[in-house]
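Any read-out appearing in this document is the output of simple, stated calculations on the displayed coordinates, not a laboratory observation. These numbers were taken from a predicted model, which means no experiment stands behind them. A quick note on method: Cβ atoms are made from the backbone with ideal geometry, for glycine too, and the neighbour counts reach across all protein chains shown.
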Amino acid sequence: MTDALMNDPSTHGPHPADPLIALRPWEAPEVTSWGRLPMNAVDRRDGALVLDGDWRFQLLPTPEAPVSDRWSSAYVPGVWTMQDTDDLPQYTNIRMPYTEFPPQSPAAKNPTGVYERQVDVPAEWAGRRIVLQVGAAESVLLVHVDGRPVGISKDSHLAAGFDLSGVVRPGERATVRLTVVKWSDASHIEDQDQWWHGGITRSVLLYATDPLYLADVTVRARHDGDLRVDCLVRDASGALPEGWYVTGELDGHLLAQDIGFDRANEEDGRVSDFLGEVRLHTLVPQVRLWTAETPELYGLTVRLHRADGTIADTSRHRVGFRDVEIVGRDLLINGERVFIRGVNRHDFHPLTGRTVSYDDMRADLVLLKRFGFNAIRTAHYPNDPSLYDLADELGFYVVDEADIESHDHAHEIADDPRYLNAFVDRVSRMVLRDKNHPSVIIWSLGNESDYGANHDAAAGWVRRHDPTRPLQYEGAAKRGWADPGLASDIACPMYAPLEECVAHALSGVQTKPLIQCEYSHAMGNSNGTLADHWAAIEATPGLQGGFIWEFWDHGILQRVTDGRPAGRGGAGLYDNGVAAPGHRWAYGGDFGEPYHDGAFIADGIVFPDRTPKPVLYEHRELAAPVRLKCFRHEGLVLSNHQHFRGLEWLAAEWELSLADGGTLTAPAELPDLRPGETAVVPLPFELPRDGGEAWLTLRVRTAQDLPWAPRGTEVCAPQLRLRAAEPVEESAVAAQVEVDDDGLLVHPLLTVAPTLSLWRAPTDNDELGGMAARWRAWGLDTLVRKPVSVRRDGMSVTVDAEYAGTTGVVRHRQVFTPVEGGLRVDEEAELPDEWDDVARVGSVFETVAGLDLLEWFGQGPWESYPDRSAGAPVGHHSVPVDALFTPYLRPQESGGRHGVRRFTLSAPDATGLAVTLDEPRQVSVTRYRAEDLTAAAHHDELVPRPGCVVHLDAAHRGLGTASCGPDTFPSYLVPPGVHRWSWTLRAL
Ligand code: IPT
């Protein structure tokens, strides 16, 4: 290639002779980069030219296809798969979207985006070192400036810097071309369970430094106040000038140069001047420690001076003093064994696909804080840099995970020497970028990539470079939770059955903290048994928590009309978890992908618009910083269940809920308790003699405005039962109960009479766990009712019926008895022994239209199920019927309320019906029959019925997490045999 050709910005390229193309770096795993600057922890965002915005763009069918002069435009940062190209998002979990073996990619179809724009290089930058930084590009980035090849980078989730000092001229205009190849050798190690995209997903910057610059700053801040700052100084000329020096200042307090460090390096007599290394040091007296509960940060400024004292470069850091260590089988933060209440988080957005703004990330973390989370695993790659700043500031423990997942070809790649570079490159660059964040407490080598020599190589690098943090890797841990020789300091299984975890902790052979890297799979209506997990974790030394899978439902906002992603224009076209009319949340297959993994991408604790799912309230309660226990008759026992702080940041109020007497409140004084301490406090209320069942709740709220919650935000609501319900006998009165010839109740408020239901619209857990298939095989979804006899016995009518499935018959009896103001229904169903695990046993009926408000006494107000009800306190609740339903992306059983004692369903004019149950029961009131939900694939396909579909369940199966992980526990199953339940129905 001639110089003239290379320098001509108008050249249509990449020219075939372009070395960046000719080398075919997209199928060379050994090539992780070329011309790329070393990663470091100096933040250059301040003062940089931000090159975000519309770039000239064209999408080529392959990287070698000629670039034409037909440009469209694309927004940077952004993926082209969400921006009106023909290359649409595709979702696969484990399998690669193509059949080529690593390191190959599809030769004939490899979408390649060419981004180009002019940049005016500021004239003031004359004499300075000029760097282009591409925040992230997937999966291979090729950089040209003015037609000249500048560099190559791989790793779709880390930035790449390129020195343009000799390439661009200050005061002149340069043409920057970023070519992004979608499929490459690197795709095989970026096979994470998420949408496949192509593009530039984080900001592009151009910045300048003095020729003499801080190449890196490494901060070590220990919990004894010891602060060490290692600085790496470089000069663009290669040789360092004479006389430079570095100063540091921590919140106004000057750091000293560590002479010992200089002396230790003195051997060749030239020390720091030659090596460009210098260490600053200080000891901070009475240091305020950083923890997730107390995210205390100090401001550090590092200045690099020229010999004449003038400042050549400055780097600012926020420092958190804290220690992480493993002692025995405990992970300790500042010497304390902490519980890890974590979640796995992807960089996801329903409009951009992958690009997340600072405000988005802040909203994610604020929400997690409000719901009691204290930890994040950056599944499965380094997240956007701001995430770590926010985690430092708001208080989260972070497991920082490298961008390595070779799921489909895990075994081949883990030991493939061609990929050795990539493993070490990805892990080391993550560590170099994120090492100064106090929030990062553990490094992770990646996810689901088997275990091989490549992992050990990367682990070796980390252990040497950063001995201050443990590292983990699930693929290694799985070879033996206690084996000290493996590349994991944590036993970090995924979806391990709770009993196995407990058994390991009790076995006497445990050597490492057990913290599940993934557990409690949140797909659809899920997260059953979370409370059982936490009861075991808190009671069992050796267990320290885990990371729920996962934060997001990755539903992409899609226009139903043309099937395309709504993209950035879709802002505001969703509300409360639901897409606006004409739109839906797309999951796998919705973009016509030939291979996909369906709704498995919708497995988060929040909807795609970050609307919380009911499980969050469960989690919030399980993480409660204040707990309440009865203490005989002397009063109540309050405890501080935090690790590091008192209760001074909280305010509380007592609430007494009486089944038959409304709700009383009284101010509460929180005692001064250190972590782990308890105090006995007197009962705040004289319990009235009347009022029936009585529950005492402590509503705990934030006492001041906090960075993550305004004052008054509820933090938890621990509850105790003070008095049980008395059984009520409803005696028969002289009145008529009307049933038709088939024995079906005729009632003016019901459009469909109560019948037996054993079926629920399968949840994702029911489907993927195989339960739904069994239920269908038994015919539970198509039971055929056959009346056997209808007998009048005094005032009562007894209706016997049989419900036939394909493999058995249920005998069902309903006895209707008139009672004061209405009727009582006593029901009995006998299930055959073979039907040993059904979804529910109960009654279902439908009401007239217009009954739009549900008011109940029982658990609530949010959705709850038998194995997910710890966060739904008993009380008087009132919710519009339409708001009871949780709009899971793939319709399924939804909207249930556990522990309901009685309810009314009313119209605005206060007419309606009242139901009283014999015991606290699972109840659901929705606009949909189970069959409506079963038939729909997306929420927008559901057509609400005018009346309400009401289920009253004698027994309802737990939810479990069987879509990926253990099913619910046996105690939450619905057993065969006889079930009995009674209820009364009255008109209001
Ligand atoms: C595990 C993956 O690590 C995670 O990315 C996600 O796919 C999750 O499962 C399920 O949603 S791997 C699985 C094979 C246990």
Exercise. Among 358, 348, 374, flag the residue with its Cα farthest along the positive direction of the charge dipole of the range 307-441, charges on Cβ as +1 for Lys/Arg and -1 for Asp/Glu.
Key: 374
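Counting Lys and Arg as +1 and Asp and Glu as -1, each charge on the Cβ, what is the dipole of the range 431-528 about the Cα centre in debye, to the nearest 20?
Roughly 380 debye, rounded to the nearest 20.
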Quiz item: Among 108, 92, 166, which residue has its Cα positioned farthest towards the positive end of the charge dipole of the range 66-171, with +1 placed on the Cβ of Lys and Arg, -1 on the Cβ of Asp and Glu, and the dipole taken about the Cα centre?
Solution: 166
Exercise. Please work out the FRET efficiency for the pair residue 746 and residue 784, using the Cβ-Cβ distance as r and a Förster radius of 22 Å; give the result to the nearest 0.05.
Key: 0.55
Quiz item: With +1 on each Lys and Arg Cβ and -1 on each Asp and Glu Cβ, how big is the dipole of the range 223-319 about its Cα centre, in debye rounded to the nearest 20?
Solution: 280 debye
Exercise. List every residue whose amide H lies under 5 Å from the amide H of residue 446, counting only residues 5 or more places away in sequence or on a different chain, with H placed 1.01 Å from N in the peptide plane.
Key: 402
Quiz prompt | 729, 296 arranged by Cβ crowding within 10 Å, fewest neighbours leading | solution = 729, 296
Quiz item: For residue 931 and residue 837 in one chain, what is 0.36 nm times their gap in residues minus the Cα-Cα distance, to one decimal in nm?
Solution: 31.9 nm
Quiz item: Size of the range 223-319 along its principal axes in angstrom, Cα-based, largest extent first?
Solution: 46, 27, 20
Quiz item: Between residue 173 and residue 483, what is the FRET efficiency for a Förster distance of 56 Å, r being their Cβ-Cβ separation, to the nearest 0.05?
Solution: 0.40
Quiz item: Could you give me the ³J(HN,Hα) list for the range 599-611, computed from phi with Karplus coefficients 6.51, -1.76, 1.60 and θ = phi - 60°, whole Hz, x at Gly and Pro?
Solution: 7, 4, 7, 9, 9, x, 8, 10, 5, x, 9, 6, 5
Practice problem: Report the full-extension gain for the segment residue 876 to residue 73: residue separation times 0.36 nm, less the Cα-Cα distance, to one decimal in nm. | Solution: 283.5 nm
Quiz item: Charges only on Cβ, +1 for Lys and Arg, -1 for Asp and Glu: so what's the dipole of the chain about the Cα centre, in debye to the nearest 20?
Solution: 880 debye
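If you stretched the chain out fully between residue 242 and residue 830, how much longer would it get, using 0.36 nm times the residue separation minus the C-alpha to C-alpha distance?
Values: separation 588, 0.36 × 588 = 211.68 nm, distance 9.18 nm.
Extra length available between residue 242 and residue 830 comes to 202.5 nm.
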Quiz item: Any idea what the alpha-carbon Rg over 2.2 N^0.38 Å comes to for the range 96-254?
Solution: 1.32
Self-check item: Cα centroid separation, the range 122-144 to the range 340-383 (Å)
Solution: 28 Å
Exercise. Taking the Cβ of each residue in 91, 75, 595 as the centre, tally the other Cβ atoms inside 10 Å and list the residues starting with the fewest.
Key: 595, 75, 91
Quiz item: Which stretch or stretches of the range 113-143 have amide N atoms under 19 Å from the point lying 7 Å from residue 65's Cα along the Cα→Cβ direction?
Solution: 113-116, 138-142
Quiz item: Where does the chain land on the Kirkwood hydrodynamic radius, alpha-carbon pairs, in angstrom?
Solution: 31.0 Å
Self-check item: All Cα pairs of the range 771-842, percent lying beyond 14 Å
Solution: 63 percent
Practice problem: Report, in whole Å, the centroid distance computed from the Cα atoms of the range 272-306 and the range 512-526. | Solution: 36 Å
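Give me 716, 964, 630 ranked fewest to most by other Cβ atoms within 10 Å of their Cβ, as a rough exposure proxy. Don't skip to the answer; put the middle values down first.
Working: 716 26, 964 23, 630 14.
By the 10 Å Cβ count, ascending: 630, 964, 716.
R0 = 51 Å: FRET efficiency of residue 108 with residue 883, Cβ-based, nearest 0.05?
On the way: r = 51 Å, r/R0 = 1.00.
E between residue 108 and residue 883, to the nearest 0.05, is 0.50.
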Quiz item: Which one of 119, 135, 63 has its Cα pushed farthest toward the positive end of the charge dipole of the range 4-139, where Lys and Arg give +1 and Asp and Glu give -1 at the Cβ?
Solution: 135
Self-check item: Listed residue pairs exceeding 26 Å between alpha carbons, taken from 154/478; 369/613; 182/369; 154/613
Solution: 154/478; 182/369; 154/613
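First check a/c for the range 625-717, with a ≥ b ≥ c the square roots of the eigenvalues of its C-alpha gyration tensor; if it is under 1.5, answer rounded, and if not, answer prolate when a/b is larger than b/c or oblate otherwise.
Numbers: a/c = 2.78, a/b = 1.48, b/c = 1.88.
Oblate shape, in that a/c is at least 1.5 and b/c is the bigger or equal ratio.
Run the helix sum for the chain: -39,500 (n - 2.57) per DSSP H stretch of 4+ residues, divided by residue count, reported at 222 nm to the nearest 500 deg cm²/dmol. It would help to have the intermediate numbers written out before the result.
Details: 17 runs with 130 residues, N = 988.
Result for the chain, helices only: -3500 deg cm²/dmol.
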Quiz item: Which of the cysteines found in the chain have nothing to pair with, since no other Cys Cβ lies under 4.7 Å from theirs?
Solution: 231, 501, 630, 716, 948, 964
